[in-house]
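Chemist: Here it is, the structure, as structure tokens.
The values are calculated or read from the model by the stated rules, or taken from the named source; none is laboratory data. Just so it is clear, the model here is predicted, and its values are computed rather than measured. In this analysis, Cβ positions are derived from the backbone assuming ideal geometry, glycine residues included, and neighbour counts consider all displayed protein chains.
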Amino acid sequence: MANYIQRPKGTQDVVPSQSYKWHTVERIVAETAEQFGFREIRIPTFEETGLFVRSVGDTTDVVQKEMYTVSSTGDSTFTLRPEGTAGTIRAILENGILNEGFPQRAYYILSCFRHENVQKGRLREFHQFGCEMVGAADPAADADIIALVKSILDRVGLKNIRLDINSIGCPKCRGEYHKALKAFFEDRKDELCETCHERLERNPMRILDCKVEDCKKIAADAPVILDYLCDDCKSHFEGLQENLRVMGIDFVINPHTVRGLDYYTRTVFEFVTTDLGAQGVVCGGGRYDGLISSLGGPQTPALGFAMGLERLILTMEKQGCEFMEPKGCDIYFVSMGSNAQKKAMELTAKFREEGYYVQYDIVGRGLKPQMKYADKIGAKFVMVLGDSELETGKAKFKNMQTGEQTEVSLDDSILESFGEIYYTMLLDTDEDFRDFVDSFAEDDFELGN
RNA sequence: GUGGGUAUAGCGUAGUUGGUUAACGCGUCAGUUUGUGGCACUGAAGACCGUCGGUUCGAAUCCGACUAUCCACCCCA
């Protein structure tokens, strides 16, 4: 262990025995998005640095101190994407997708890179699932996006999740609010913590999010954005709440929910769990009506969200959610001697072609160790091949759960013989399969005897 | 960037006020007489005790620095 090169700080290995957890969430997330009309988009891992500066915002921490920027030959510098929205919108513009009609929906599963201090649930390379919807201004779109997230969280089985929503207005009403907010905190500047002094200059809304007790107390009396919303923004926000109620989605209006990226307007929301300490935001998103035009496109309303996949999986593990187990081994061919091993290879190829999951000995173990190995990998059936089997042309499939052995001929009929054995085993042990078969039977569907 | 905790085989741990061959469980591999797994028993492999330096006759144990990790701040997913 001593002299190995270690993985870079803030990165993670997903080892073979654990990857099924990722497959589970990736599958659920993608299928649900597709059900809601989204299609996957794939974009580059790095973009021109300017893209993130213009979209995410040059005053944000993400851009100011967390970007992995590399210079290339020539003048341009590139940056490893710190999030997925900027690249996605860039790609939508560049490929003329806006001309294909509204609304456009895209989802992605990708890795993002931010150079920040590492904690559990906060890595330097992390993975996001995200959705972007372009060309829909109505609050129904906001509700639909939130419904999508809700549906995903339900499907993976998460509990104790709270939905916070808020509106941070449009540039017009936010300007008014900023002024009022600044004036309010300016009067109480001495009582605020140091970081809040900086926030007062850069982004006063973030003071509302401060965890220091004194600041919290002061912030409790601060003006609330919702009182400053212009009529359009107000009715948009009310429309969203109405829609959420119609869809039966519980929410909390949290005026302190503020997003840290500059491009957000109007609706912002977060799905929060209490099971991850300070990294409880499993999903965050909102509307960004100004982003497309600021990237040089036509004024187009848009919205989206991003979900932190390692946070999602961590929470699922903590809550004991179920993951889809990978399919194990159907048959293991035990072989003794090189002739038997050749037979095992031959049979393995035949059964694999048929779709079965098959393994045989490739490390030259003895009979007993091979049996142990077959047991360890959860093989459903084992067939022992040795000299006597090769001579008689007959061998036995052993059901590893019941110990039952069935003799079959080692000729072309073997696939069919095994098919029957396998089918019988499924009927005996797999309740889902049985229900599945029964459902056909009820429909007067003829079963093969 | 700031503050605090931790660092012993693949994993989880023990290691008494510094004293010789660093212990245990799980896991891995093999065996328990001749061709059948799970249980049990036996054995083996596997650790320069995170790294470097210091104190000492002697350091896993004390001190310092570094690195990694965890927690909190910050920020975000």
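Chemist: Please indicate, with yes or no, whether at least one residue in region A:339-349 is of a type in the set (A, V, I, L, M) and in contact with a Ser or Thr (Cβ under 8 Å, 6 or more places away or on another chain).
Modeler: Residues of region A:339-349 that are of a type in the set (A, V, I, L, M), as a first pass: A:340, A:344-345, A:347, A:349.
Next cut, in contact with a Ser or Thr (Cβ under 8 Å, 6 or more places away or on another chain) only: A:344.
Yes, because at least one residue in region A:339-349 is of a type in the set (A, V, I, L, M) and in contact with a Ser or Thr (Cβ under 8 Å, 6 or more places away or on another chain).
Chemist: Sticking with this one: Of all helices (runs of 4 or more DSSP H) completely enclosed by region A:6-98, which ones contain at least 1 residues that are in contact with a Gly (Cβ under 9 Å, 6 or more places away or on another chain)?
Modeler: Of the helices (runs of 4 or more DSSP H) lying wholly inside region A:6-98, those with at least 1 residues that are in contact with a Gly (Cβ under 9 Å, 6 or more places away or on another chain) span A:49-55, A:61-65, A:85-94.
Chemist: Hey, does region A:369-388 have a residue that's in a helix (DSSP H, G or I), more than 10 Å from RNA strand B (Cβ to nearest atom) and buried (at least 18 other Cβ atoms within 10 Å of the Cβ)?
Modeler: Going through region A:369-388, the residues in a helix (DSSP H, G or I) turn out to be A:369-376, A:387-388.
With the extra rule that they be more than 10 Å from RNA strand B (Cβ to nearest atom), the set shrinks to none.
No, because not a single residue in region A:369-388 is in a helix (DSSP H, G or I), more than 10 Å from RNA strand B (Cβ to nearest atom) and buried (at least 18 other Cβ atoms within 10 Å of the Cβ).
Chemist: If you don't mind, there's one more thing I want to ask. Applying the selection to region A:210-236, what residues are assigned to a helix (DSSP H, G or I) and touching a Phe, Trp or Tyr at 6+ places or on another chain (Cβ under 6 Å)? Steps first, answer last, please.
Modeler: So the first thing to find is which residues in region A:210-236 are assigned to a helix (DSSP H, G or I), and the list is A:213-220, A:225-227, A:231-236.
Hit for region A:210-236 is A:225, nothing else.
Yes/no matrix, rows are residues, columns are (1) crowded, with 22+ Cβ neighbours inside 10 Å; (2) under 30 Å from residue A:106 (Cα atoms):
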| site | (1), (2) |
| --- | --- |
| A:291 | yes, yes |
| A:308 | yes, yes |
| A:312 | yes, yes |
| A:317 | no, yes |
| A:328 | no, no |
| A:331 | yes, no |
| A:336 | no, no |
| A:345 | no, no |
| A:355 | no, no |
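Chemist: Tally time: how many residues in region A:243-297 are within 12 Å of RNA strand B (Cβ to nearest atom) and closer than 17 Å to residue A:131 by Cα? Can you show your working first?
Modeler: Here is the first cut: in region A:243-297, the residues within 12 Å of RNA strand B (Cβ to nearest atom) are A:256-264, A:268-286, A:288.
In the following step, the residues that additionally are closer than 17 Å to residue A:131 by Cα were identified as A:259, A:261, A:263-264, A:268-271, A:281-286, A:288.
So the answer is 15.
Chemist: For region A:118-209, which helices (runs of 4 or more DSSP H) that fit wholly inside it have 1 or more residues that are of a type in the set (Phe, Trp, Tyr) and within 14 Å of RNA strand B (Cβ to nearest atom)? Walk me through it before giving the result.
Modeler: Values: elements: A:139-156, A:171-187, A:194-202.
Per the criteria, A:171-187.
Chemist: Could you please tell me which pairs satisfy a Cβ distance under 7 Å, a separation of 6+ or placement on different chains, a first residue in region A:3-20 that is within 25 Å of residue A:117 (Cα to Cα) and among the small types (Gly, Ala, Ser), and a second residue that is within 8 Å of RNA strand B (Cβ to nearest atom) and modelled with pLDDT under 90?
Modeler: These pairs meet every condition: A:10/A:118.
Chemist: Continuing with this model, one more query. Looking only at region A:247-268, count how many residues are touching a residue at least 40 places away in the same chain (Cβ under 8 Å) and out of contact with any Ser or Thr (no Cβ under 7 Å at 6 or more places or on another chain). Reasoning before the result, please.
Modeler: From region A:247-268, those touching a residue at least 40 places away in the same chain (Cβ under 8 Å) are A:247, A:249-268; that's our starting set.
Retained after the next criterion (residues that are out of contact with any Ser or Thr (no Cβ under 7 Å at 6 or more places or on another chain)): A:247, A:249-259, A:264-265.
Within region A:247-268, residues that are touching a residue at least 40 places away in the same chain (Cβ under 8 Å) and out of contact with any Ser or Thr (no Cβ under 7 Å at 6 or more places or on another chain) number 14.
Chemist: Which ones in region A:396-405 are surrounded by 12 or more Cβ atoms within 10 Å (Cβ to Cβ) and farther than 19 Å from residue A:357 by Cβ?
Modeler: Of everything in region A:396-405, those that are surrounded by 12 or more Cβ atoms within 10 Å (Cβ to Cβ) and farther than 19 Å from residue A:357 by Cβ turn out to be A:396, A:404, A:405.
Yes/no matrix, rows are residues, columns are (1) without any contact (Cβ under 8 Å) to a residue 60 or more places away in the chain; (2) under 18 Å from residue A:37 (Cβ atoms):
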{"site": "A:124", "(1), (2)": "no, no"}
{"site": "A:144", "(1), (2)": "no, yes"}
{"site": "A:152", "(1), (2)": "no, yes"}
{"site": "A:167", "(1), (2)": "no, no"}
{"site": "A:170", "(1), (2)": "no, no"}
{"site": "A:178", "(1), (2)": "yes, no"}
{"site": "A:188", "(1), (2)": "yes, no"}
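Chemist: Taking the condition of being in contact with an Asp or Glu (Cβ under 9 Å, 6 or more places away or on another chain) and part of a strand (DSSP E or B), how many residues in region A:302-327 meet it?
Modeler: Residues meeting the conditions: 5.
Chemist: Sticking with this one: Being at positive phi and at pLDDT 95 or above is the filter here, so list the residues in region A:104-156 that pass it.
Modeler: If the condition is that a residue be at positive phi and at pLDDT 95 or above, then A:135 is the only one that fits.
Chemist: Residue check: is residue A:344 within 11 Å of RNA strand B (Cβ to nearest atom) and of a type outside the set (Asp, Glu)?
Modeler: Details: within 11 Å of RNA strand B (Cβ to nearest atom): no; of a type outside the set (Asp, Glu): yes.
Spelling it out, it is not the case that residue A:344 is within 11 Å of RNA strand B (Cβ to nearest atom) and of a type outside the set (Asp, Glu).
Per-residue answers, yes or no, for (1) surrounded by fewer than 17 Cβ atoms within 10 Å (Cβ to Cβ); (2) of a type in the set (A, V, I, L, M):
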position: A:227; (1), (2): yes, no
position: A:233; (1), (2): no, no
position: A:268; (1), (2): no, yes
position: A:284; (1), (2): no, no
position: A:288; (1), (2): no, no
position: A:294; (1), (2): yes, no
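Chemist: Looking at region A:55-73, which of its residues are within 9 Å of RNA strand B (Cβ to nearest atom), closer than 20 Å to residue A:88 by Cβ and either within 23 Å of the chain's Cα centre (by Cα) or free of Cβ contacts under 8 Å to residues at least 60 places away in the same chain (or both)?
Modeler: Correct list: A:56, A:62, A:66.
Chemist: Of all residues being of a type in the set (Ser, Thr, Tyr) and either more than 16 Å from RNA strand B (Cβ to nearest atom) or within 18 Å of the chain's Cα centre (by Cα) (or both) in region A:6-52, which is farthest from residue A:126 (Cα to Cα)? Just the residue, please.
Modeler: Looking at residues that are of a type in the set (Ser, Thr, Tyr) and either more than 16 Å from RNA strand B (Cβ to nearest atom) or within 18 Å of the chain's Cα centre (by Cα) (or both), I get A:32.
Chemist: Please tell me if residue A:214 is within 12 Å of RNA strand B (Cβ to nearest atom), surrounded by fewer than 22 Cβ atoms within 10 Å (Cβ to Cβ) and either farther than 29 Å from residue A:299 by Cα or not assigned by TED's automatic domain parsing to the domain that holds residue A:293 (or both). Outline the logic, then answer.
Modeler: Numbers: within 12 Å of RNA strand B (Cβ to nearest atom): yes; surrounded by fewer than 22 Cβ atoms within 10 Å (Cβ to Cβ): yes; either farther than 29 Å from residue A:299 by Cα or not assigned by TED's automatic domain parsing to the domain that holds residue A:293 (or both): yes.
Answer is yes for this residue.
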